[in-house]
Structures are given as C-alpha cells and as structure tokens.
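Right, one structure below, let's go through it.
The values are calculated or read from the model by the stated rules, or taken from the named source; none is laboratory data. Everything numeric here is computed off the predicted structure, so don't read it as measured data. For neighbour counting, all protein chains shown are included, and Cβ atoms are generated from backbone atoms with ideal geometry for every residue, glycine included.
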Amino acid sequence: MIEIQSLTRVYGDKAVVDDVSFEVRPGRMTGFVGANGAGKTTTMRMIMGVLGPTSGQVLWQGRPLDAETRRSFGYMPEERGLYPRMAVREQLVYFARLHGLDRADASRRADDLLEHFGLVDRSGDQLDDLSLGNQQKVQIAASLIHRPTALVLDEPFSGLDPIAVDAMVDLLRREAKDLPLLFSSHQLDLVERLCDDLVILSAGRVVAAGSVEELRGRGAERYRVVQDGGDAAWLRDLGGVRVLDVDGPTALVELEGLKPQDLVRTVVEHGPVLEVTRDRQPLSEIFREVNR
C-alpha cells in the first residue's frame, strides 16, 4: 500500500500542494481528479521522487518510500518520456533491460504488450511515426514492461479513442489486479466506470476521498420513480420529499424526512408503478459540489 502523509510543496509563498493525505490500496484503482492547477501532477511527482516535498512523506508497506523501491514502480509522467526517433520495440526492450530483465524475457514482454495493443506490425517504426494515440499506448507499455509493484499514471487515457481506452483498461485489469494503482484523469465518466476509490483535489488540498460508492451515497437520499402511465407531478404535493425533476410518468425526488418505505407505499397506493429505485449522485455532480 502507498500512504501519502501530509505532503506539502511550497513555491515562494504559495502552497501548490497543501497537507495532502490519502492511501492507494492494493488491488484497487484509485482515481485522482481535480481542476487544472489543483496539484495532481505535483503530488504524483513527489510520490515518484521527481520533486522533493517541503514537508510530509510517502510510505510503502508502512516504511518511508526510498529510491530503490521507486525503481520498481511503473510511472507515466505528464510529459511523456520516450525516445521519438527510436524504434518502438527496441526501446521497450531497452527499458525492460534497464529494470533488470534479461534480453529474452525483455523481448517476450515487449512482444506481449505490443500484441495486446495491436501494434506488432508497427514494432519496428520510430515512435514519432505513430499517431498520438498509439504513442500513448507505447508509453503505457513502457510503464508496465518491468512488471511493476505499483502504478502511478498521469492522464493515461488522454488522446485515446474508446476502443483504445477499452484495450488499456483490459490491460490494467490484467497487469495491476493486485497492485496499488493511482491515475489522474479529467474524464469523470471514465473515472466513475473504472475506479474503486477516489481522491478529489482542489487548490492543493484534498476536499473529498473514499470509495466511489461512499462518495456517491453521501448526499441526501434520491429515488427515481417511474409510474405505469400518468403524470408524476403529483409528487410535488407529497410532504417529506423534494422533487428535483419530473418528465411525464418519471420523477427524481430527494427525501427530506420521508422514509424510503413510506415513499414506496405512497407511490404504490397512488396507482400502477414500474420502478422505485435509489439514484446515486454522479461523480460530476460531486466534483462540482466540492469545488464550489
């Protein structure tokens, strides 16, 4: 497990990361989100030792994270770090060898990752000759080439089309199913679909953290009511609820004192009903609320 404890980074008189603490647990994808300039990249650089913290520390398995352990991590930086005029397969093998794999294992590993991304026929091409999306795939492959003990990925899905995103997700689930995995992204719908845990940063501080289900369920209870015909506007006159939206027989309501079982009973008594289900807040709404 990676533990981030009170990380702070000050430039001049401004704290761009301010007392940030959270955990990245094994076998769980942790999404790291925030507006531009929130401090995500700076935090990731401190985790990886690219920047030193003004104060605070990073622990690995309960001990301070050292340079040797960081070498076992897979890291995808904001500024991509591959060689533009070097052949794709050649540099994947090169990075694997730097991490201690022998040539045969490095070659097998490179071929496996290139096959997963459908890049075998481009393996001899120079990186600069690939599309930006394919360059992104190679960058991910480079972060995985040495079978890392943890992954820290800064905007790994940027520039990928939906098919490439699915291939990336499949690979991460295969390669990192037992690893701590932290990734940043501006694509909240993707974060919501993939992540087990979420950390939201605003102006350098953690404003929300926890499992996705905990965060989505922390607000007032909302229910979607779908009648079998008719108009659900009558719910506006029901005490103990606030109607957020009505569209013909469908209504979204927020409970303000009324118990869920009483809502169900009242709806059923009113007439035929198709559905009464709990409606969870989308991450986009939670993100807006904590950044106000």
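Data for the structure
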| item | result |
| --- | --- |
| Segment 67-88 residues that are in contact (Cβ under 8 Å) with a residue 60 or more places away in the chain, paired with ones that are of a type in the set (A, V, I, L, M) and part of a loop (DSSP other than H, G, I, E, B) (beta carbon under 7 Å, 6 or more apart) | PHE73/MET48; PHE73/ALA150; TYR75/MET48 |
| Which listed residue is over 25 Å from THR42 (Cα atoms), among the acidic types (Asp, Glu), outside the structural domain of ARG280 (by TED's automatic domain parsing) and surrounded by 17 or more Cβ atoms within 10 Å (Cβ to Cβ), from GLU192, GLU175 | GLU175 |
| Among (1) crowded, with 20+ Cβ neighbours inside 10 Å; (2) of a type in the set (Val, Ile, Thr); (3) assigned to a loop (DSSP other than H, G, I, E, B) - the single one VAL152 does not satisfy | (3) |
| Unique match (being part of a helix (DSSP H, G or I), under 23 Å from the mean Cα position of the chain (by Cα) and more than 30 Å from SER21 (Cβ to Cβ)) among ILE140, ILE163 | ILE163 |
| Members of segment 260-288 that are surrounded by 14 or more Cβ atoms within 10 Å (Cβ to Cβ) and closer than 30 Å to GLY34 by Cα | ASP279, ARG280, GLN281, LEU283, ILE286, PHE287 |
| Filter result for the condition that a residue is buried (at least 16 other Cβ atoms within 10 Å of the Cβ) and under 25 Å from the mean Cα position of the chain (by Cα), over GLN135, GLN57, GLN91, GLN61 | GLN135 |
| Residue in segment 175-192 that is in contact with a helix residue (DSSP H, G or I) (Cβ under 6 Å, 6 or more places away or on another chain), over 20 Å from ALA96 (Cα atoms) and of a type in the set (S, T, N, Q) present | yes |
| Any hit, segment 262-276, residues being closer than 24 Å to GLY210 by Cβ and part of a helix (DSSP H, G or I) | no |
| Every residue from segment 237-252 that is of a type in the set (Val, Ile, Thr) and either surrounded by fewer than 17 Cβ atoms within 10 Å (Cβ to Cβ) or part of a loop (DSSP other than H, G, I, E, B) (or both) | THR250 |
| Residue ranges of strands (runs of 3 or more DSSP E) in segment 167-236 with at least 3 members over 14 Å from the mean Cα position of the chain (by Cα) and farther than 25 Å from ASN36 by Cα | 222-227 |
| Given (1) out of contact with any Gly (no Cβ under 7 Å at 6 or more places or on another chain); (2) at negative phi; (3) surrounded by fewer than 16 Cβ atoms within 10 Å (Cβ to Cβ); (4) not basic (Lys, Arg), number of the condition GLY27 does not satisfy | (2) |
| Selection status of GLY257, in a loop (DSSP other than H, G, I, E, B) and out of contact with any Gly (no Cβ under 6 Å at 6 or more places or on another chain) | no |
| Which numbered condition VAL17 fails, given (1) surrounded by fewer than 22 Cβ atoms within 10 Å (Cβ to Cβ); (2) touching a helix residue (DSSP H, G or I) at 6+ places or on another chain (Cβ under 8 Å) | (1) |
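Yes/no matrix, rows are residues, columns are (1) modelled with pLDDT of 90 or more; (2) in contact with a Phe, Trp or Tyr (Cβ under 8 Å, 6 or more places away or on another chain); (3) not hydroxyl-bearing (Ser, Thr, Tyr):
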| site | (1), (2), (3) |
| --- | --- |
| TYR94 | yes, no, no |
| LEU101 | yes, no, yes |
| GLN126 | yes, no, yes |
| LEU130 | yes, no, yes |
| ILE145 | yes, yes, yes |
| ALA150 | yes, yes, yes |
| SER158 | no, no, no |
